[in-house]
1. Considering only residues of segment 143-177 that are touching a residue at least 40 places away in the same chain (Cβ under 8 Å) and among the charged types (D, E, K, R), which is nearest to the ligand (Cβ to nearest atom)?
2. May I ask you to list the residues in segment 204-246 that are of a type in the set (Gly, Ala, Ser) and either assigned to a loop (DSSP other than H, G, I, E, B) or more than 16 Å from the ligand (Cβ to nearest atom) (or both)?
3. May I ask you to verify whether ILE281 is among the aliphatic types (A, V, I, L, M) and not in a strand (DSSP E or B)?
4. I want to confirm something. Restricting to segment 249-302 and keeping residues that are more than 16 Å from the ligand (Cβ to nearest atom) and of a type in the set (Ser, Thr, Tyr), which single residue is farthest from GLU195 (Cα to Cα)?
5. Taking the conditions exactly as written (touching a residue at least 12 places away in the same chain (Cβ under 8 Å) and away from the ligand (no atom under 16 Å from the Cβ)), does LYS133 satisfy them or not?
6. Those residues that are more than 16 Å from the ligand (Cβ to nearest atom), closer than 26 Å to MET146 by Cβ and surrounded by 18 or more Cβ atoms within 10 Å (Cβ to Cβ), I need them from segment 310-340; list them, please.
7. Considering segment 84-120 alone, what residues qualify as being among the polar types (S, T, N, Q), away from the ligand (no atom under 16 Å from the Cβ) and either crowded, with 18+ Cβ neighbours inside 10 Å or within 20 Å of ALA381 (Cβ to Cβ) (or both)?
8. Residue by residue through segment 361-376, note down the ones that are under 19 Å from ASN81 (Cβ atoms) and either surrounded by 24 or more Cβ atoms within 10 Å (Cβ to Cβ) or away from the ligand (no atom under 14 Å from the Cβ) (or both).
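Each value in this text was obtained by applying a stated rule to the coordinates, not by laboratory testing. The model shown is predicted, which means the values in this text are computed figures rather than measured ones. Heads up, the Cβs are rebuilt from the backbone with ideal geometry, glycines too, and the neighbour counts pull from every protein chain shown.
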Amino acid sequence: MRRMLLFSMLALAALGVIGCAARPDGGETGATAGNVTDGVSEKTPETDAVTDKPDEAPAALAAAYDGLFKIGVALPASVINEQARYGEVITSDFNSITCENEMKPDSILDVDACRANLSESYTSPKVRFTAAKRTADFAVKHGIKMRLHTLVWHSQTPRWFFTEDYTDNGEPVSREVMLARMESYIASVLGYYAEEYPGLIYAVDVVNEAFDTGDGDENGIRMKKSMWYETIGPDFVYWAFVYARRYAPEGVSLFYNDYACMWKQDLILNNLSRIKDEELIDGIGMQAHLSVGDSIAQFISAVEKFADAGYEIQLTELDVGIKSKEEYMSQGRFYENLLTGLVRLKKRGVNITAVTVWGLSDAHTWRRGEMPLLRDENLAAKPAYEGFLSAAK
Ligand code: GLA
């Protein structure tokens, strides 16, 4: 009853911000961290009785899910650079962080250093970790763990990385050279975090989005616009996991991460079977870029199917798109039902270990105009937040 009341109250608070300017470019608004609690505890005559009770204050998400799974958030450097504004919202709700971009190959590969001494860097590409440093330091300071996203991906990996002279238009290198570069890159990245930030990384997206029937070969392994496929061939996924297992510290889970997992379970499972048989992989990361009209039952059944095949499961990039703020309540129910399904599975022994939302607020999302996250553009908690929270209770 109280839960319903709080849910309704949040809906009212949320609808109250309909008039706020949503910047079409998705940029940040002038909100301050103070807005965070305002959106939740704002008193109205109908809600005074509820909000006055301390036990009705919104509990932090991660604390609510303690003992179930980690609750994570993806953050760009721009958010981490404004800790006075966002720090408290992050630390009060999340115990896992994923860098939105700063641990991707295009952030880590150092083109100048690679070109400066070609003979030295030919099979040992040079790397630098400056882009993610503030995020890693922030996480350590606040006792938050991190997912490393991502080592091998066809996107956000520059073409020059695959060529003879590390130039954009150079000739692609041989399979042997590219395998050596892949091994070196994976060893450098995992080695850096193991040495500089021991214990910080708990999960690694070793390969991202490698299976796609439309852009794939006869087995659905992504072929089009993939320099990994072009240089190494279809077993680039296998070798990525061989190297990741070789260099990952004990206890760090290795993931294959992909979108549309509801529709490509067999494609994923078939293509991972050798990697799984050789115990080179631990989990499947289900990105979960969803919309409010999607079938939760279908999503949950995909989780069960992956779990039955022996995989650890994480939702790695959760967001749920809507068309307008009128759908805030439906979105809240969607989050609640999805998370309730996941909690049920977890309590039945399914190995779900983390759920990460792909952004801090609707001002920090790649899905411009779809308002897919738990907080609105002003950082006020939406019904989505309450729905997410309620499922843990
Ligand atoms: C994919 C990637 C993410 C991110 C989103 C779009 O899901 O895995 O890193 O780039 O696309 O923002």
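1. Once the filter is applied, the top-ranked residue is ARG147.
2. Here is the first cut: in segment 204-246, the ones of a type in the set (Gly, Ala, Ser) are 210, 214, 216, 220, 226, 233, 240, 244.
If the condition is that a residue be of a type in the set (Gly, Ala, Ser) and either assigned to a loop (DSSP other than H, G, I, E, B) or more than 16 Å from the ligand (Cβ to nearest atom) (or both), then ALA210, GLY214, GLY216, GLY220, SER226, GLY233, ALA244 are the ones that fit.
3. Values: among the aliphatic types (A, V, I, L, M): yes; not in a strand (DSSP E or B): yes.
Yes.
4. For segment 249-302, the residue satisfying everything is SER295.
5. Working: touching a residue at least 12 places away in the same chain (Cβ under 8 Å): no; away from the ligand (no atom under 16 Å from the Cβ): yes.
So LYS133 fails the test.
6. Applying the first criterion (more than 16 Å from the ligand (Cβ to nearest atom)) to segment 310-340 yields 310-313, 322-340.
After this cut, where a residue has to be closer than 26 Å to MET146 by Cβ as well, the list is 310-313, 335, 338-339.
Of everything in segment 310-340, those that are more than 16 Å from the ligand (Cβ to nearest atom), closer than 26 Å to MET146 by Cβ and surrounded by 18 or more Cβ atoms within 10 Å (Cβ to Cβ) turn out to be TYR311, GLU312, ILE313, TYR335, LEU338, LEU339.
7. Narrowing segment 84-120 to residues among the polar types (S, T, N, Q): 91-92, 95-96, 98, 101, 107, 117, 119.
Retained after the next criterion (residues that are away from the ligand (no atom under 16 Å from the Cβ)): 91-92, 95, 117, 119.
Passing the criteria: THR91, SER92, ASN95.
8. Initially, segment 361-376 is screened for residues under 19 Å from ASN81 (Cβ atoms), giving 361, 363-366, 375.
Correct list: SER361, ALA363, ARG375.
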